[in-house]
1. Is it fair to say B:Ala151 is in a helix (DSSP H, G or I) and touching an Asp or Glu at 6+ places or on another chain (Cβ under 8 Å)?
2. Out of all the residues in the stretch A:275-285, is one or more within 30 Å of A:Asp386 (Cα to Cα) and of a type in the set (S, T, N, Q)?
3. If I filter the stretch A:382-391 for residues that are without any contact (Cβ under 8 Å) to a residue 40 or more places away in the chain, assigned to a helix (DSSP H, G or I), within 14 Å of chain B (Cβ to nearest Cβ) and polar (S, T, N, Q), do I get at least one hit?
4. Being over 30 Å from B:Leu96 (Cα atoms) and in a loop (DSSP other than H, G, I, E, B) is the filter; apply it to the stretch B:1-51 and report the residue that is farthest from the chain's Cα centre (by Cα).
5. Out of the stretch A:108-135, which residues are hydrophobic (A, V, I, L, M, F, W, C) and closer than 18 Å to A:Cys151 by Cα?
6. For a quick check of your reading of the model, give me the residue pairs whose first member lies in the stretch A:314-338 and is more than 19 Å from A:Leu375 (Cβ to Cβ) and at the interface with another protein chain (Cβ under 10 Å from one of its Cβ atoms), whose second is polar (S, T, N, Q) and surrounded by fewer than 21 Cβ atoms within 10 Å (Cβ to Cβ), with beta-carbon atoms closer than 8 Å and at least 6 apart or on different chains.
7. If the requirement is being modelled with pLDDT of 95 or more, more than 60 Å from the chain's Cα centre (by Cα) and within 13 Å of another protein chain (Cβ to nearest Cβ), which of these qualifies: A:Ile408, A:Ile420?
8. If you go through the stretch B:290-299 one residue at a time, do you hit one that is β-branched (Val, Ile, Thr), at pLDDT below 90 and in contact with a helix residue (DSSP H, G or I) (Cβ under 6 Å, 6 or more places away or on another chain)?
Amino acid sequence: MAILRNKLRPFSAGCYFGLTGFVVLAACLSYGQTKNTCLDCHSALPDPLGVSQEKFSQDIHSQKGLTCASCHGGDPTSDDPDKAMSRKAGWKGKIDHKQVPQLCGKCHSDPAYIRQFNPSLRTDQLSQYPTSVHGKRLAAGDTKVAVCTDCHSVHDIRAPSDPRSTVNPVNVADTCARCHADAVYMKGYSIPTDQFAKYSTSVHHQALTVRGDLSAPTCTTCHGNHGAAPPGVDKVQNVCSNCHTFQDQMYEKSSHKKAFEAASLPGCVVCHSNHGIGHPTDAKLGTGPDGVCMRCHAPGDKCDQARASLESSLGQLDGAIKSADQVLGVAESSGMEVSEARLGQDQARDSLTKARVTIHSFRKDLVDQDIQAGLKIANKDLQAGDEAMIERNHRRIGLGISLIAVGIVMAGLRLYVKKIES
Amino acid sequence: MSPLRNVRSWLDERFGWDELAAPLRKKTVPLHRLSYWYFLGGITLFLFGIQVATGILLLLYYRPGASEAFESVQYIMTQVQFGWLIRSIHSWSANLMIFTAFAHMFSVLFLKAYRKPRELTWVSGVILLFLVMGFGFSGYLLPWNTLAFFATKVGTEITGQVPLVGKPMMILLRGGEEVTGATLTRFFGFHVAVLPLLATVLILLHVLLVQRLGMSVPPKLEVQWTANPSAKREMKFFPNFMLREMMAWYAALGVLGVLAAVFPWNLGVKADPFVAAPAGIKPEWYFLFMFQTLKLIPSKVWFIDGDVLGVLVFGLVGLLWILLPFFESDQPSHTKRWITGFAAFALAYMAGMSVYGYLAK
């Protein structure tokens with residue numbers, strides 16, 4: 001029986017139990033965590049050697065469990081700086097600017113490795129980079145060009161979908177502009193530095209930043225990011241058709257296509273410009289300061305006559321829609337039910353938009369098809385508005401007659417009351 | 001003998017017409033400087049008649065159901081001969097009727113016409129006012145436009161705040177958890193069958209009580225006329241008062257005509273349950289004071305949910321309102337001043353909150 005008796009005192013038993021619990025808890029907390037002593041010192045160092053814990057914790061690599069040693073090597077488990085940063089432990093120190101693409105590519109070009117973290121992430125960045133101007137110049141020894149960390153930042157790299165990321169669509173233009181808008185930095189490259197200033201005034205920039213349309217183009221949409229151009233595009237000037245498909249189909253049918261190619265003119269850019277592209281208006285077809293046709297064509301020639309005819313057709317439909325809108329607006333504010341005609345106006349506006357797209361064919365017969373369809377609807381809506389106004393006037397006349405009748409009956413009643421009471 | 005007299009004599013021989021009509025001939029209306037307030041009940045009744053007539057005409061074309069209601073009202077407004085006029089008169093008359101019903105109630109309150117023996121006339125009248133508001137609430141949804149859809153959503157949600165019975169009541173009103181086509185069908189049923197039946201019974205009772213008990217006179221005048229019966233002045237109900245009442249009806253008809261022709265009732269945009277509620281959505285003007293009050297109550301008052309508290313307070317005030325005559329003195333010379341003060345406060349509160357709600361964003 002004595003062997004079964006617990007000979008430990010309750011206090012000692014409590015101490016052992018508590019100690020065991022502490023050890024188990026500490027083991028659980030430290031499970032999966034790798035010791036990283038680098039930040040102990042570097043968080044206290046000034047720039048460029050300083051990396052705060054807070055900054056590094058924002059980095060997507062840190063969030064996925066990577067540490068300083070994943071890029072810089074060394075032994076982050078050692079508290080001794082000499083051991084932690086010893087060449088023997090594989091410490092690389094500061095990564096040479098030229099070596100950055102290779103270092104990043106080591107993981108980012110390995111599909112098997114990347115799949116563990118994000119199966120949808122591309123792994124062709126390293127193979128694409130040498131085809132870009134940046135990559136070619138780096139290979140030629142120019143270390144001023146952008147490598148991965150120049151665009152994606154370093155030690156606080158965020159996913160591109162993160163609005164705070166330097167490569168988020170809304171921030172890309174600012175990131176590119178850091179170098180490309182710096183005239184001093186770009187000196188010697190013989191390329192303009194006003195792209196960002198122009199882009200900031202463009203319809204694309206407005207769509208992206210004001211309307212919040214993340215599909216609106218920024219620098220990389222046309223110029224590519226890691227590679228020289230977006231996939232499937234041989235020249236930057238042809239990139240517009242990626243989004244503006246119908247305009248491109250019409251342009252393919254036009255006489256300008258051949259003429260521009262023969263003169264080595266850059267397609268869409270000839271009329272619409274590139275970085276500073278504004279909202280296109282019908283004035284582009286005109287002869288005023290916004291007109292573009294007369295830059296190449298002579299007044300009165302065959303093409304000028306065609307231009308005038310197209311401009312007049314667009315103006316005619318635009319005017320018809322506005323007239324119908326005005327009459328329908330008055331009718332509506334008078335309480336008339338014109339919602340069907342209002343719906344028709346949307347269709348007329350669609351026809352006008354379609355005609356403005358078809359303009360890129362520069363073929364009057366095609367444009368006229370859309371114009372006539374729109375005019376038919378707009379005229380019908382105008383007629384509906386006019387009829388509503390006539391109806392409104394009839395109602396008011398009817399009201400007047402009714403009020404006179406009501407007034408006569410009331411006066412009659414009053415007289416009758418007077419008569420019977422006198 | 002004129003044809004009219006022939007008919008009268010024919011009826012008298014069979015039903016004793018003259019005997020039936022005798023009380024009407026004997027009926028009188030007190031004549032004093034506030035007599036014109038007596039017209040309001042009659043005008044409300046006239047507008048109710050307009051509602052019934054135009055409502056029946058609308059029924060010829062209206063189709064309840066989420067996929068047809070809006071289109072059928074649009075058809076009435078654009079294709080049916082004078083459909084726009086009938087619908088506009090129905091909508092404007094509904095609003096005018098609610099306004100005159102409120103005005104009638106407050107005139108009765110300030111003239112203290114609810115006193116003994118007219119307590120039941122008051123009770124039936126206040127219930128009628130609630131029914132009229134129910135007509136407004138149920139009818140508002142029937143065109144199935146965006147504003148109506150969201151107003152009904154908010155309104156039925158408020159009903160759901162009532163403790164214990166709120167949720168089942170909300171589901172009963174909506175015909176499910178959400179406002180759908182089933183809600184529209186239900187509201188149509190309430191609007192054209194349940195409420196008219198209840199309202200007709202109550203109107204008959206109300207009018208019968210008015211006929212039986214006669215018109216009330218303000219307490220001060222009653223005291224004077226009791227002390228000096230020779231000072232009492234009155235007018236025959238038929239034809240003298242009736243003809244004047246008809247003049248008021250014609251005036252109401254003229255106002256309705258102007259409103260319907262110059263400001264035809266808007267149809268709006270078809271309801272889409274999948275879009276967000278329009279910003280700054282508000283209920284009809286007669287619910288605005290309650291809506292604004294609920295908006296101003298903090299989300300938690302002590303441990304009670306703000307909305308629940310608001311609904312409970314309105315419920316309690318509504319009940320007290322119905323029972324108001326039972327707090328009044330039997331003697332015209334000792335009427336309770338606090339009731340008049342309470343009525344004045346209620347009127348000022350309702351008007352002030354409505355204006356605030358209208359102006360608030």
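1. yes
2. The answer is yes; a qualifying residue exists.
3. No - not one qualifying residue is present in the stretch A:382-391.
4. Once the filter is applied, the top-ranked residue is B:Met1.
5. Answer for the stretch A:108-135, where residues must be hydrophobic (A, V, I, L, M, F, W, C) and closer than 18 Å to A:Cys151 by Cα: A:Leu121, A:Leu126, A:Val133.
6. From residues that are more than 19 Å from A:Leu375 (Cβ to Cβ) and at the interface with another protein chain (Cβ under 10 Å from one of its Cβ atoms), the pairs are A:Gly335/B:Asn266; A:Glu337/B:Gln74; A:Glu337/B:Thr78.
7. Answer to the selection: A:Ile408.
8. Scanning the stretch B:290-299, I find no residue that is β-branched (Val, Ile, Thr), at pLDDT below 90 and in contact with a helix residue (DSSP H, G or I) (Cβ under 6 Å, 6 or more places away or on another chain), so the answer is no.
The values are calculated or read from the model by the stated rules, or taken from the named source; none is laboratory data. Values in this document were obtained by computation on a predicted structure and should not be read as measured data. Here the Cβ is made from the backbone with ideal geometry for all residues, glycine too, and neighbour counts use every protein chain on show.
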